[in-house]
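Contents: one structure, followed by commentary.
The values are calculated or read from the model by the stated rules, or taken from the named source; none is laboratory data. A quick note: this is a predicted structure, and the numbers were derived from the prediction, not measured. Backbone-built Cβ (ideal geometry, glycine too); neighbour counts: all protein chains shown. Accessible surface is based on the protein model in full, side chains and every heavy atom, while ligands, DNA and RNA are left aside. Shrake-Rupley method; radii C 1.70, N 1.55, O 1.52, S 1.80 Å.
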Amino acid sequence: MFQKITLIALLIAFVSCQKKEAVEKDKIKLADWLIGNWENTSAEGILSENWQKLNDSTFSASSYFIKGKDTLHFETIILAQLGETLTYKATVKGQNDDKPVFFPSTSETDKQLVFENPKHDYPQKITYTKGANTLTAEISGNLNGKPSSEKFVMTKK
C-alpha cells in the first residue's frame, strides 16, 4: 500500500512539474509579436529596436537612437521568462554604471506587455503595444517629481 501511495505521489508531482513548465513558457509566447526590426524616422533622428528570439524562454533586443552620425542612446534588452513572470532587463550605455535595471511584468496579453519597477528613477513603467504593422513603446512615471510619459511608434521593417 505504501509503495502505491508513493508511486501516485511521484506521478502527481511529475505531471504537475510538466504542466508548470508548459505554463511558464506560454507567457513568453505572448510576446512573439515583438520579434523583428522596428523603426521610427523623424526630424530628430532614427529610433530602432531589433528583437530576436534566443530560445524558448528568452528574447533579446538592441535599441538605439541615431541623429546624423551620432548614436545618442544605446540600450540592450533581455526579455526572459523567469518562473511565471516575464522580466524586462534593460541596460543603457552610460546609465546606472552600465548595470541592468529589472522591470517585472504586471500585465501581458497578445497585444500589450506592461513592465513596472516603482523603485527606478525613470521610467517606472514600460509598455509595448502591438498595432496592425506598428509597435508602440511607451515609457512613463514620475520624472523630477512630475508625471511624465513618452510614446515611440515604430513600424516593422
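Brief remarks follow.
- Enclosing the Cα atoms of the stretch 15-143 in their convex hull gives a volume equal to 119 cubic angstrom per residue.
- Qualifying trypsin sites (Lys or Arg not before Pro) for the stretch 31-79 [loop in DSSP, other Cβ within 10 Å: at most 10]: Lys69
- Extent along the principal axes, Cα only, for the stretch 55-105: 41, 22, 15 Å, with the longest axis given first.
- Pairs of Lys residues in the stretch 56-127 are counted when their Cα atoms are under 16 angstrom apart and they lie 8 or more places apart or on different chains; the count is 4.
- Label-to-label distance, nm, for residues given as Thr85 and Trp33 (7 Å Cα→Cβ offset): 2.4 nm
- The portion of the accessible surface of the stretch 85-157 made up by carbon and sulfur, rounded to a whole percent, is 49 (1.4 Å probe; DNA, RNA and ligands excluded).
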